[in-house]
Amino acid sequence: MKRLKGLILFLLLSILLGCWDSTQIEDIYLINSIGIDKTEEADKINVTLIAPTIHPEAVEPKADISSVGYSLRSAQDNIQSKAARIIKYTNTKLLILSEEIARSGISEHVDTLLRDPEGRGTMKIIVTEGMATELMRLIPPVYPLLSEYILKLVDQGYKTTTIPSTNLRSFNNDLKSEGIEPVMPYLKYGNKEYELLINSTAIFKNDTMIGILDNLDSANLMILRNEIHDGFFSFIYEDNTGSEGIVSLRKIKGRSNISLELIDSQLNIFHEIKITTHVSEYTLDGAIYDEEIIKKVEAAANDKLKRDCEALIKKLQKEYVCDNIGYGKYVKVYYPDIFLAEDWNKTFSNVVIHIIPDFKIEKVGTKI
Amino acid sequence: MINRYRDGEITSGQLYIMIVSIMIGTGVLGLSRAIAEFAQQDAWISVIINGIIISLTTAMAIYVAQKHPEMNFIQYTAKLLSKPIAYLILFTYSVYAVLSTGLIIRFLSDMVGTWFLPRTPTIIVTFIIIASTVYIVKDGLTLVGRFNEIIVLSILSFIILIFPSLSKASVLNLMPVGGSGVVNILKGVLPSYYSFAGFEIVLLFYPLVSNKNPKILKYSVFSILFVTLFYTITVASQIALFGYIEIKDILYVSINYLDVLDTPVIERIEIFFAIFWTFSVFGTISIQYIAASIGLQSIFNTKKTSFFTYLFAPLIFIIALLPRNTVEVAAYSDILGKITIFFGIIIPVLLYIMYHLRGGKMKNEKA
């Protein structure tokens, strides 16, 4: 009986050994980033995967493999046949979409990546000008892996209130929610080799990219989407004497407050934006350390933000007919009778939006 | 006829813990999806309504049991509803408990197969779960009670993990409050009831509490209200994050809820959650399993529950392997969920009414 018990115990233990099918890290391509491009064949896509080589004797720090397929997974299947190691997505942090792919709709790729539990909902997404494959071949001077470099750029852009930080989950959330359309960072090439600029935002209607908001518009979109972090707000200021100079206010914190009102059957949206700032630059002669002057600078900042935001809203309403700010979510809640999800973008284009900025200068820096 | 304390007894504290432990299990993963399908942004209101209903029926069940301190479930049910009906109820309950254990085990192995061991055959995962459960349950209720005292701590991690993702949530997704309409909110009560299933064990376990005292009723209801509060916060925060439209597409909402932030130190916090969740489901399985064993032990008057524990093992193994896929597991669970209405609502109410009818009669006789 004792022997039998011993045998059963031994057999059970052998099942419970967790390491029997373990895979060594040298046998895995831990995919760091995925790139998707269009191909000449309309129904096929080109997928590029990048993984660190890890092997100490490897010539390159990374391995990039591309293949064509009908979908993300069918292309991966073809890639696997070219790769000497098992492809794993557990550490994939970046999805790069070419502009062409973004403009043809991306929901199927997002769905595939979210469905697989191996992937991560926090995987960041960007759109690049040109081909994703070409971008992924670059080796940036300061980081061994391009994806790390891009992720740092996105992170900095987000922290300075310039671009959104879109990941699979947040994109899908905007895509599925009624009354808001998705956005994501847009990468451009700079003038120098390896200079990558991420200070623009690609705007989407449903899952399809419809336009690009450059630098200033991109930053203002962030403010309107209530994503106010660090970063500077610079403008030309004219003082009492008529002389002009540049004032830069560093954003410390900010928040939006949106209220709605029906005035003569016309929907009016009142968007208050409160931003607390510190003076970081004041190139005019004379001091700013004066209550009156501070109030004037605040008023000038308010005026500038109001004008810029109104211009951006006009662009979204008339040129793109697309509510990427998410006013529809408020209308859905407060005026459900006039909110029709499928027609919201059209309704949005006729809504009267009042931007009410409220800059507050809290500190003036170390100089008077 | 039947010795109450033959196979171990539990303390009142362990009873409260087991009420919490059996209710927080598989249901927590997809609860908000199931309710939001009907009650939309007001799913959390359905949970509260359901919690109140269950608190009432639990109070009724314990009230009746408290009035029969020297009897076990089958004895006082026989007294109130006649012997054949009592045996029939207990037998049906045991069958239900066995089926339920099998399905929960399958749910757990599907989840383990999806997230941790995609290449390990379901049969192996299921076998290991059953073997571990049998090991926990074979020594009777006392040990299951102690096991759950430890396991219940994993729920603390669920509560803590609600907070990080809240930074990405929006109150707008929960508004307008009541906007989905009274009918839809009430429709959402039923799916939320399924997630609370299991509380009916108080019928069976109360007679086995060694330190019975008048406060058990109050604290048992508190246990249910604690679970209600936990589920309400869980559902509200998940809907606030995803919105009721996106949530309809997500199978394991509680796990994906954690997959929205990059967290320091623990890179994939959802895996961390899944580990604790696995333990918590073991709590549910062990209680459901011992409930089935105690049920049949009461009917057949055997010396130990372990006889039935071993007897059920192959049966549960087969039941767990019967569904072809995750979709069928959900379909069978829905059917089983409907059956719990009988044990969780109808039986306690019936016993309560019968107690008062009979009690009134007895008082008249005495007079």
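Tell me the residue from A:323, A:308 that is acidic (Asp, Glu), in the same structural domain as residue A:240 (by TED's automatic domain parsing), open to solvent by less than 40 Å² (accessible area, probe 1.4 Å) and not in a helix (DSSP H, G or I), please.
A:323
Do you know which of the residues in the stretch B:174-199 that are hydrophobic (A, V, I, L, M, F, W, C) and open to solvent by 50 Å² or more (accessible area, probe 1.4 Å) is nearest to the other protein chains (Cβ to nearest Cβ)? Break it down into steps so the answer makes sense when it comes.
Filtering the stretch B:174-199 for residues hydrophobic (A, V, I, L, M, F, W, C) gives B:174-175, B:177, B:182-183, B:185-186, B:189-190, B:196-197, B:199.
From the residues that got through so far, the ones that are open to solvent by 50 Å² or more (accessible area, probe 1.4 Å) too are B:175, B:177, B:182-183, B:186, B:190.
Working: B:175: 4, B:177: 10, B:182: 16, B:183: 16, B:186: 20, B:190: 25 Å.
The extreme case among them is B:175.
Of the residues that sit in the stretch A:326-355 and are under 15 Å from residue A:220 (Cβ atoms) and within 13 Å of chain B (Cβ to nearest Cβ), which one is nearest to the chain's Cα centre (by Cα)?
Top of the filtered list is A:326.
Any residue at all in the stretch B:65-88 that's away from chain A (no Cβ under 14 Å) and within 30 Å of residue B:330 (Cβ to Cβ)? Walk me through it before giving the result.
Of the residues in the stretch B:65-88, the ones away from chain A (no Cβ under 14 Å) are B:65-88.
The next check asks that each one be within 30 Å of residue B:330 (Cβ to Cβ); those that pass are B:88.
Yes.
Are any residues in the stretch A:69-113 among the hydrophobic types (A, V, I, L, M, F, W, C), modelled with pLDDT under 90 and in contact with a strand residue (DSSP E or B) (Cβ under 7 Å, 6 or more places away or on another chain), and if so, which ones?
A:72, A:75, A:79, A:83, A:86, A:87
Regarding the stretch B:150-167, can at least one residue be identified that is touching a residue at least 12 places away in the same chain (Cβ under 8 Å), out of contact with any Phe, Trp or Tyr (no Cβ under 9 Å at 6 or more places or on another chain) and within 14 Å of chain A (Cβ to nearest Cβ)?
Step one: list which residues in the stretch B:150-167 are touching a residue at least 12 places away in the same chain (Cβ under 8 Å), which gives B:151-152, B:154-155, B:157-159, B:161-162, B:164-167.
Now restrict to residues that are out of contact with any Phe, Trp or Tyr (no Cβ under 9 Å at 6 or more places or on another chain): B:152, B:164, B:166-167.
From what's left, within 14 Å of chain A (Cβ to nearest Cβ): B:164, B:167.
Yes, the conditions are met somewhere in the stretch B:150-167.
Please find, among A:205, A:253, A:192, the residue that is under 26 Å from residue A:152 (Cα atoms), open to solvent by 20 Å² or more (accessible area, probe 1.4 Å) and in the same structural domain as residue A:111 (by TED's automatic domain parsing).
A:192
Scanning the stretch B:89-121 for residues that are aromatic (Phe, Trp, Tyr) and within 17 Å of the chain's Cα centre (by Cα), which turns out nearest to the other protein chains (Cβ to nearest Cβ)?
Going through the qualifying residues, I end up with B:107.
Out of the residues in the stretch B:90-114 that are β-branched (Val, Ile, Thr) and modelled with pLDDT under 90, which is surrounded by the most Cβ atoms within 10 Å (Cβ to Cβ)?
That would be B:112.
When only residues in the stretch A:326-337 that are in contact with a strand residue (DSSP E or B) (Cβ under 7 Å, 6 or more places away or on another chain) and either within 18 Å of residue A:174 (Cα to Cα) or surrounded by fewer than 16 Cβ atoms within 10 Å (Cβ to Cβ) (or both) count, which is modelled with the lowest pLDDT?
Of everything passing the filter in the stretch A:326-337, A:335 is modelled with the lowest pLDDT.
For the stretch A:248-269, how many residues meet the condition of being modelled with pLDDT under 90 and of a type in the set (Asp, Glu)?
Residues flagged as modelled with pLDDT under 90 and of a type in the set (Asp, Glu) within the stretch A:248-269 amount to 1.
If residue B:254 passes every condition in (1) closer than 24 Å to residue A:91 by Cβ; (2) surrounded by fewer than 22 Cβ atoms within 10 Å (Cβ to Cβ); (3) touching a residue at least 60 places away in the same chain (Cβ under 8 Å) but one, which one does it miss?
Just one mismatch for residue B:254, condition (2).
Which condition from (1) small (Gly, Ala, Ser); (2) within 14 Å of chain A (Cβ to nearest Cβ); (3) under 21 Å from residue B:345 (Cβ atoms) is the one that residue B:170 breaks?
Failed condition: (3).
Here are B:69, B:118: which of them is surrounded by fewer than 17 Cβ atoms within 10 Å (Cβ to Cβ), in contact (Cβ under 8 Å) with a residue 40 or more places away in the chain, not hydrophobic (A, V, I, L, M, F, W, C) and not in a helix (DSSP H, G or I)?
Unique residue meeting the criteria: B:69.
Out of A:67, A:107, A:98, A:33, which single residue is of a type in the set (S, T, N, Q), away from chain B (no Cβ under 14 Å) and surrounded by fewer than 21 Cβ atoms within 10 Å (Cβ to Cβ)?
Going through A:67, A:107, A:98, A:33 in turn, the sole match is A:67.
Give the residues of the stretch B:137-173 that are outside any loop (DSSP other than H, G, I, E, B), farther than 19 Å from residue B:12 by Cα and open to solvent by 30 Å² or more (accessible area, probe 1.4 Å), sorted by residue number.
Listed by number, the residues that qualify are B:156, B:159, B:160, B:164, B:166, B:167, B:168, B:171.
Tell me, please, whether a residue that is under 30 Å from residue B:119 (Cα atoms) and not hydrophobic (A, V, I, L, M, F, W, C) can be found in the stretch A:126-138.
No, the stretch A:126-138 contains no residue that is under 30 Å from residue B:119 (Cα atoms) and not hydrophobic (A, V, I, L, M, F, W, C).
The values are calculated or read from the model by the stated rules, or taken from the named source; none is laboratory data. Keep in mind that this is a model prediction, so the values were computed, not measured. Note that each Cβ is placed from the backbone with ideal geometry, even for glycine, and that neighbours are counted across all protein chains shown. Accessible surface areas use protein heavy atoms only, side chains included; no ligands, DNA or RNA. Shrake-Rupley method; radii C 1.70, N 1.55, O 1.52, S 1.80 Å.
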